[in-house]
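> Quick one: the structure is below, questions incoming.
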């Protein structure tokens, strides 16, 4: 596969990356989260000619700006990782992981922040009840734990700024923080991105 391994990455990020069985990548906006996920996928694909990678995208295009952003991201990803399969799945991410996970396939789920928004604050449907949401999250954790191949999950760390004014937004920030904690306890590795540099918060095992 012909691709520049440093494309879209900060100069401080190594292109020789080990792959954990499961990794949660946290960070703020434009911190390098997706770039690290793609770099892990690139390393996985380069390690063995029989390896595959699948990208599960949770974003939905509700306005012109978001549509343009999604098209741009798709084009950039196709240029950097032309063999990676992209699946558009805004809600049923656990089922998507189970469907596409194989021993020779790395899954990138990008991102949990938008997925949680789709579930709790949807534009075109009724929000998932919080009691039901607990079951949905438990199902996601199980899918990650039982995946047959490596899984890389991207999520935002949005609890470091000013406390939001609205009740619904404050509740969402709380729920995302709880979701990130639950996944961090489940996965083998947790990375925090800051200015394009990964900080390892947890590393149970690597390969």
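> What's the number of the condition residue 120 fails, among (1) over 17 Å from residue 19 (Cα atoms); (2) surrounded by 16 or more Cβ atoms within 10 Å (Cβ to Cβ); (3) over 13 Å from the mean Cα position of the chain (by Cα); (4) at pLDDT 95 or above?
(4)
> Quick check on segment 193-204. Is at least one of its residues within 19 Å of residue 108 (Cα to Cα), touching a strand residue (DSSP E or B) at 6+ places or on another chain (Cβ under 7 Å) and crowded, with 16+ Cβ neighbours inside 10 Å?
Yes, the conditions are met somewhere in segment 193-204.
> Kindly indicate which of 50, 4 is part of a loop (DSSP other than H, G, I, E, B) and modelled with pLDDT of 95 or more. Walk me through how you get there before you give the answer.
Values: 4 fails: modelled with pLDDT of 95 or more.
Among 50, 4, only 50 is part of a loop (DSSP other than H, G, I, E, B) and modelled with pLDDT of 95 or more.
> Which residues, taken from segment 178-187, are in contact (Cβ under 8 Å) with a residue 12 or more places away in the chain, surrounded by fewer than 19 Cβ atoms within 10 Å (Cβ to Cβ) and more than 20 Å from residue 32 (Cβ to Cβ)?
182, 186 - these are the residues of segment 178-187 that are in contact (Cβ under 8 Å) with a residue 12 or more places away in the chain, surrounded by fewer than 19 Cβ atoms within 10 Å (Cβ to Cβ) and more than 20 Å from residue 32 (Cβ to Cβ).
> Residues in segment 9-20: is at least one modelled with pLDDT of 95 or more, touching a strand residue (DSSP E or B) at 6+ places or on another chain (Cβ under 6 Å), crowded, with 18+ Cβ neighbours inside 10 Å and not in a loop (DSSP other than H, G, I, E, B)? Outline the logic, then answer.
Keep residues of segment 9-20 that are modelled with pLDDT of 95 or more, which gives 19-20.
After this cut, where a residue has to be touching a strand residue (DSSP E or B) at 6+ places or on another chain (Cβ under 6 Å) as well, the list is 20.
Pick out the ones that are also crowded, with 18+ Cβ neighbours inside 10 Å and you get 20.
Add one more test, that the residue is not in a loop (DSSP other than H, G, I, E, B), and what stays is none.
No - not one qualifying residue is present in segment 9-20.
> Additional query: List pairs: first in segment 165-177 and in contact (Cβ under 8 Å) with a residue 12 or more places away in the chain, second assigned to a helix (DSSP H, G or I), Cβ under 7 Å, 6+ apart or cross-chain?
If the second residue must be assigned to a helix (DSSP H, G or I), the pairs left are 172/120; 175/116; 175/120; 176/113; 176/116.
> Please state which one of 123, 137 is touching a residue at least 60 places away in the same chain (Cβ under 8 Å) and within 25 Å of residue 86 (Cα to Cα). Write out each step before concluding.
Working: 137 fails: touching a residue at least 60 places away in the same chain (Cβ under 8 Å).
Unique residue meeting the criteria: 123.
> Checking residue 116 against (1) in contact with a strand residue (DSSP E or B) (Cβ under 6 Å, 6 or more places away or on another chain); (2) within 18 Å of residue 190 (Cβ to Cβ), only one condition comes out false. Which one?
Looking at each condition in turn, residue 116 falls short on (1).
> Which ones in segment 21-47 are within 25 Å of residue 141 (Cα to Cα) and in a loop (DSSP other than H, G, I, E, B)?
21, 28, 29, 31, 32
> In addition: Can you run down the residue pairs with Cβ atoms below 9 Å, 6 or more apart or on separate chains, where the first is in segment 73-87 and under 18 Å from residue 97 (Cβ atoms) and the partner is surrounded by fewer than 16 Cβ atoms within 10 Å (Cβ to Cβ) and modelled with pLDDT of 85 or more?
Filtered contacts from segment 73-87: 87/99.
> Any chance segment 62-80 includes a residue that's at positive phi and either surrounded by 15 or more Cβ atoms within 10 Å (Cβ to Cβ) or at pLDDT 95 or above (or both)? Explain how you work it out, then say what you get.
Filtering segment 62-80 for residues at positive phi gives none.
Within segment 62-80, none of the residues are at positive phi and either surrounded by 15 or more Cβ atoms within 10 Å (Cβ to Cβ) or at pLDDT 95 or above (or both).
The values are calculated or read from the model by the stated rules, or taken from the named source; none is laboratory data. These numbers come from a predicted model, not from an experiment. Please note: Cβ atoms are built from the backbone with ideal geometry, for glycine as well, and neighbour counts cover all protein chains shown.
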